[in-house]
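The values are calculated or read from the model by the stated rules, or taken from the named source; none is laboratory data. This structure is a prediction, so every number in the text was calculated from the model and none was measured. Glycine gets a Cβ as well: all are built from the backbone with ideal geometry, and neighbour counts include every protein chain shown.
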């Protein structure tokens, strides 16, 4: 029997953010993955708050919340959205959630999230090792292969440049004076 992931790895990867130099997942993303309302997830955490020290979970501050709101479409409290700042769970905090949310689905989702964190950590370690080896080769062969090293470095960089903001921007075209 083939063990099929209950949640696609890509969905989990897109939910992992970097905040305060840590890979974290927001309470809303975790609640979606676990199939529970955010309020239920946070209530379970608050009932077991001693299991979630500051290095497992933290609440976003105003600046972080505003940054995420501007980067992603996150509900605005003035328009019926959340009335408090989201919680961010580190890898250890996500692991601890499995002891708080005890459903079979939550356990299976947790396993997939942990696998994704491990896979991302391995990729980062491999990339760091590759960078070091490339620097050694570059020192050894200096200018003989400069073009090759530059090409490899270009391939190692994340794809895509600065992202354009999502949404529609209306610009009045020159010479178009018609009014509706």
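Please state which one of 49, 16 is in the same structural domain as residue 93 (by TED's automatic domain parsing) and at pLDDT below 95.
16
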- Applying the selection to the range 37-56, what residues are loosely packed, with under 13 Cβ neighbours inside 10 Å and under 20 Å from the mean Cα position of the chain (by Cα)? 37, 54, 55
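Count, please, the residues in the range 10-19 that happen to be out of contact with any strand residue (DSSP E or B) (no Cβ under 7 Å at 6 or more places or on another chain) and not in a strand (DSSP E or B).
Our first condition is that a residue be out of contact with any strand residue (DSSP E or B) (no Cβ under 7 Å at 6 or more places or on another chain); within the range 10-19, this holds for 10-14, 18.
From what's left, not in a strand (DSSP E or B): 10-14.
So the answer is 5.
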- Message: List pairs: first residue in the range 117-131 and assigned to a helix (DSSP H, G or I), second residue at pLDDT 80 or above anywhere in the structure, Cβ distance under 6 angstrom, at least six positions apart or on different chains.
- Response: 117/91
